[in-house]
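To start, the structure under review is shown below, and the notes come after it.
The values are calculated or read from the model by the stated rules, or taken from the named source; none is laboratory data. Predicted model only: the values in this text are computed from it and were never measured. Side chains are part of the model used for accessible areas, which takes the heavy atoms of the whole protein and leaves out ligands, DNA and RNA. Shrake-Rupley method; radii C 1.70, N 1.55, O 1.52, S 1.80 Å.
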Amino acid sequence: MNNDIDAPGGPGAFLVTYRMAIYLGGVAVIGLPLVLHNTAGVTVSQSARLAITIATLGLMTATYIAERRLGRDSDVTGDEDGTVGSDANTGEYPMRTRIAVASAVLGLAAGVYVGLEVSWLAGLMFVAGAYFFAYLAYAGDGGGR
């Protein structure tokens, strides 16, 4: 019996299929309160902004976990034998690299949040740090996979 996340139409496959929209949309949603404030003069409370950020990061993290579990390529829709993500990923990254990249994604989202809420310079430093963190994680693993 398969879990729903392993089924070709399950929620995990949905998250992986729309992963770029989720990642980019998540960053946009985190920035939405600032846009509302600047364009319409609507101020969103700090607790609501924090809740939006936590929920968005939770969805982005769930997407990343589903992506790692099911795979990132076309194998999400299923192989010839009906299994999902079973193509024996020959280019599997070590756990250390995966954790480093996940941390870089969280650092990127935190950088956007800090840049919008605290200081654009501090946010830019977070974003640059996340970029270099991911770059070094891939370069230290041999990169180019």
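Residues in the range 21-55 that are open to solvent by less than 80 Å² (accessible area, probe 1.4 Å), of a type outside the set (A, V, I, L, M, F, W, C) and in a helix (DSSP H, G or I): 23, 25, 26, 31, 33, 49, 53.
In the set (1) at pLDDT below 75; (2) open to solvent by 90 Å² or more (accessible area, probe 1.4 Å), residue 18 fails one condition alone, (1). Count of the range 103-145 residues, restricted to those that are open to solvent by less than 50 Å² (accessible area, probe 1.4 Å), modelled with pLDDT under 80 and of a type in the set (A, V, I, L, M, F, W, C), is 1.
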